[in-house]
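Asker: What follows is a single structure, and I will ask about it in a moment.
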Amino acid sequence: MDDQANSDGIGFGVDIGGSGIKGARADLVAGDLASERHKILTPQPATPDAVVAVITEIVSTAGWTQPFGCTFPGIVRHGVLHSAANLDPAWIGVNLEQLASEATGVPVAALNDADAAGLAEARFGAAKGRDGVVIIVTLGTGIGTAVLVDGHLLPNSELGHLLMHGRSAEKYAAASVRQRKNLSWEQWGGRLQEYFSHLEFLFSPDVFIIGGGVSRKSEKFLPYIDVEAEIIPAELQNQAGIVGAAVVAAERFGATPPVG
Ligand code: BGC
């Protein structure tokens, strides 16, 4: 696919993570990827210039010349980053939309990674058609959350930073903690039980949706989590960030807007 003559209904999303930066075309109707994912390891240190250079490479290698969406693992308000727990602190105060747009020459819509995943699940996946309070929790390097009420997103909820045992919950219960500390599924499940009970007490959601790479293995840890809400794995898994970002950009800028 080297031109965008038939790009109706196709968008592009970039998903910035602590270990990899991924991008692909997304089918905005099916909620699926519409091209191979291009993944580049996150540069270390993950400074704004280094990360934006990777974004530019991913977008230009794909031959994409229209607006696109971009996730970030931190608080994103009106394009500006207000936290970067697992990336370089130099990002704080930086306008990702502006920087990425200047580098690529097209408009960019930026949003929190878990919010992008939540929107994608609401549009196409496990949260589709679900009214009431739905909380998507992504378990990865950190813990990301998206809070939806009747399909509407409350952005930047950051519930991975609720305090548990005197530190951020993500330092206690993220998937990376299980690996680093070599916890058994049962031990990690116990930590998740504490975390999800706490979330449930605070928000009384109807449904919890578990995202992040580990959601593919949900049968290994979901049996250890006992909450009143329904608790189910995400459906889009690793594609959710890319798809959600592409949807948000298409909605903000339109399918084929004038560029520049
Ligand atoms: C960040 C969140 C992000 C989550 C998952 C947390 O450390 O604060 O913004 O959504 O990690 O990447």
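Asker: Normalised radius of gyration for the chain, please: alpha carbon Rg relative to 2.2 N^0.38 Å, two decimal places.
Answerer: 0.97
Asker: Additional query: Express in nm, to one decimal, how much length is gained between Ser19 and Gln193 on full extension, taking 0.36 nm for each residue of separation and deducting their alpha carbon distance.
Answerer: Residue separation times 0.36 nm, minus the Cα-Cα distance, leaves 60.0 nm.
Asker: Can you list the HN-Hα couplings for segment 122-132, worked out from phi with the Karplus curve (6.51, -1.76, 1.60; θ = phi - 60°), rounded to whole Hz and with x for Gly and Pro?
Answerer: Once θ is set to phi - 60°, the couplings for segment 122-132 become 5, 6, 10, x, 5, 9, 4, x, 8, 8, x Hz.
Asker: Whole number in Å², please: accessible area per residue of segment 128-237, 1.4 Å probe, ligands, DNA and RNA not counted.
Answerer: Working: 5320 Å² over 110 residues.
For segment 128-237, the solvent-accessible area averages 48 Å² per residue.
Asker: Something else now. Ignoring ligands, DNA and RNA, what percent of the accessible area of the chain is carbon or sulfur (1.4 Å)?
Answerer: Numbers: 5670 of 11390 Å².
Solvent-exposed carbon and sulfur of the chain make up 50 percent of the total.
Asker: Which value, in debye to the nearest 20, gives the size of the charge dipole of segment 104-234 about its Cα centre, when Lys and Arg are +1 and Asp and Glu are -1 at the Cβ?
Answerer: Using only the charged Cβ atoms, the result is roughly 640 debye.
Asker: Among all stretches of the chain without exposed GluC sites (Glu not before Pro) (DSSP loop, at most 14 other Cβ atoms within 10 Å), which one is longest?
Answerer: With GluC sites (Glu not before Pro) excluded where exposed in loops, the chain gives 37-227 as its longest stretch.
Asker: Follow-up. For the chain, what is the percent of antiparallel DSSP beta bridges, rounded to the nearest 5?
Answerer: Rounded to the nearest five, the antiparallel share is 60 percent.
Asker: Let me ask you something else. Please list 3J(HN,Hα) in residue order for segment 70-78, calculated via the Karplus relation 6.51 cos²θ - 1.76 cosθ + 1.60 where θ = phi - 60°; whole Hz, with x for glycine and proline.
Answerer: My calculation for segment 70-78 gives 9, 8, 9, x, x, 6, 10, 10, 6 Hz in order.
Asker: Counting only Cα atoms, I'd like the Rg/Rh figure for segment 128-237, Kirkwood definition for Rh.
Answerer: Numbers: Rg = 12.9 Å, Rh = 13.8 Å.
Checking Rg against Rh, the ratio lands at 0.93.
Asker: Let me ask something additional. Going out from 0 in 10 Å bins, what whole percent of all Cα-Cα distances in segment 41-123 drops into each bin?
Answerer: Spelled out per bin, shortest first, that is 19, 51, 29, 1.
Asker: What trypsin sites (Lys or Arg not before Pro) in segment 149-222 are in a loop by DSSP, with at most 15 other Cβ atoms within 10 Å of the Cβ?
Answerer: Lys181
Asker: Please report how far the C-alpha centroid of segment 16-71 lies from that of segment 104-137, rounded to the nearest whole angstrom.
Answerer: If you average the Cα positions of each part, the centres end up 17 Å apart.
Asker: Okay, next question. Give me a comma-separated list of calculated 3J(HN,Hα) values for segment 238-250, in order, Karplus coefficients 6.51, -1.76, 1.60 applied at θ = phi - 60°, integers in Hz, x for any Gly or Pro.
Answerer: The phi angles translate into 5, 8, 4, x, 5, 5, x, 5, 5, 5, 5, 5, 4 Hz.
Asker: Along the charge dipole of the chain, Cβ charges K/R +1 and D/E -1, which of Val207, Ile40, Phe68 sits furthest on the positive end?
Answerer: It is Ile40, whose Cα lies furthest towards the positive end.
Asker: If you restrict to DSSP beta bridges whose two residues both lie in segment 128-237, what percentage is antiparallel, to the nearest 5?
Answerer: Given both bridge residues lie in segment 128-237, the antiparallel proportion sits at roughly 55 percent.
Asker: Among Ser197, Gln237, Ala175, which residue has its Cα positioned farthest towards the positive end of the charge dipole of segment 128-237, with +1 placed on the Cβ of Lys and Arg, -1 on the Cβ of Asp and Glu, and the dipole taken about the Cα centre?
Answerer: Ala175
The values are calculated or read from the model by the stated rules, or taken from the named source; none is laboratory data. It should be emphasised that the depicted structure is a prediction, and the values quoted were computed from it without experimental measurement. Cβ: placed from backbone, ideal geometry, glycine included. Neighbour counts: every protein chain shown. Side chains included, ligands, DNA and RNA excluded: accessible areas come from the protein's heavy atoms. Shrake-Rupley method; radii C 1.70, N 1.55, O 1.52, S 1.80 Å.
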